[in-house]
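J.: Before I ask anything, here is the structure I am working with.
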Amino acid sequence: MVVDDHPMWREGVGRDLAAAGYAIVATSGEGRQAVRIAAAARPDVVVLDLQLPDISGVEVIRGLLEAVPGVRVLMLSASGEQHDVLAAVKAGATGYLLKSAGPAEFLDAVARTAAGDAVFTPGLAGLVLGEFRRMAVEPAPADGPAPKLTERETEVLRLVAKGLSYRQIAERLVLSHRTVQNHVQNTLGKLQLHNRVELTRYAIEQGLD
């Protein structure tokens, strides 16, 4: 699903996605309408502009996640301002890409978002990691010992926090794609998390960057 208030931009993004083999289940130029449509269309991924005429993209993210639990939201915005990026991520966006990105970078970001990766325009990932690390001031729960991760699991988690894909992690650590997936699933289980986005946030909070 593509949500942007500029018709030419919205249609252009839709054409690029369709040409790459994606099914465009809906488009919208307004936030409230987008949430209503998404509840019926049930998209897997929403490409969402931050600035909309009726409500903010941040409000739309919250509405989308409530209407379609598990939907993945890729912000596609002209703004790279820190407060905009952090607000979107804290609201539940899976990734944040600037509109200055080229077609290949955009399509790669959509594919990675669909796979559950946390995707950011280069430069923004470090901003998000650093800010979440500074904001992570809540003490760890005292209802039991902290989960013990192996050195390899910690290493994989650190690379997840940097926004690397499974394939990139596998290449860097000279492991198979399947082995990396297994490490991530084991880590999710130990930490009682549900997906890579939650895992990334945990890594950020622990300062594993």
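J.: Could you compute the FRET efficiency for residue 178 and residue 44, with r as their C-beta to C-beta distance and R0 at 22 Å, rounded to 0.05?
T.: So, using R0 = 22 Å, E works out to roughly 0.45.
J.: So what is the accessible area of region 2-46 per residue, in Å², with the probe set to 1.4 Å? Write out the running numbers ahead of the final one.
T.: Numbers: 2570 Å² over 45 residues.
With all protein chains present, region 2-46 gives 57 Å² per residue.
J.: Please report the carbon-and-sulfur percent of the accessible area for region 1-91; probe 1.4 Å, protein heavy atoms only, DNA, RNA and ligands left out.
T.: 50
J.: Would you calculate the separation in nanometres between label points at residue 32 and residue 83, each defined as 7 Å from the Cα along the Cα-to-beta-carbon direction?
T.: Between residue 32 and residue 83, the label points sit 2.5 nm apart.
J.: Could you tell me the distance between the Cα centroids of region 28-102 and region 151-186, to the nearest Å?
T.: Comparing the Cα centres of region 28-102 and region 151-186, I get a distance of 27 Å.
J.: What percentage of all Cα-Cα pairs in region 51-119 are separated by more than 16 Å?
T.: 46
J.: In addition: Figure the gain on full extension for residue 51 and residue 167 (residue separation times 0.36 nm, minus the Cα-Cα span) and round it to one decimal in nm.
T.: Taking 0.36 nm per residue and subtracting the Cα distance, the gain is 38.5 nm.
J.: Right, another one. Please list the non-local residues whose amide H lies under 5 Å from the amide H of residue 73, H modeled 1.01 Å from N, same-chain partners needing a gap of 5 or more.
T.: 46, 94, 95
J.: Just to confirm a number: summing +1 for Lys and Arg and -1 for Asp and Glu over residues other than residue 110 whose beta-carbon lies under 13 angstrom from that of residue 110, what do you get?
T.: Net charge around residue 110: -3.
The values are calculated or read from the model by the stated rules, or taken from the named source; none is laboratory data. Since the model is a prediction, treat every value here as computed from it, not as a measurement. Don't worry about glycine lacking a Cβ; one is built from the backbone with ideal geometry, like all the others, and counts go over all protein chains shown. Remember, those area values only see protein heavy atoms, side chains included, never the ligands or the DNA or RNA. Shrake-Rupley method; radii C 1.70, N 1.55, O 1.52, S 1.80 Å.
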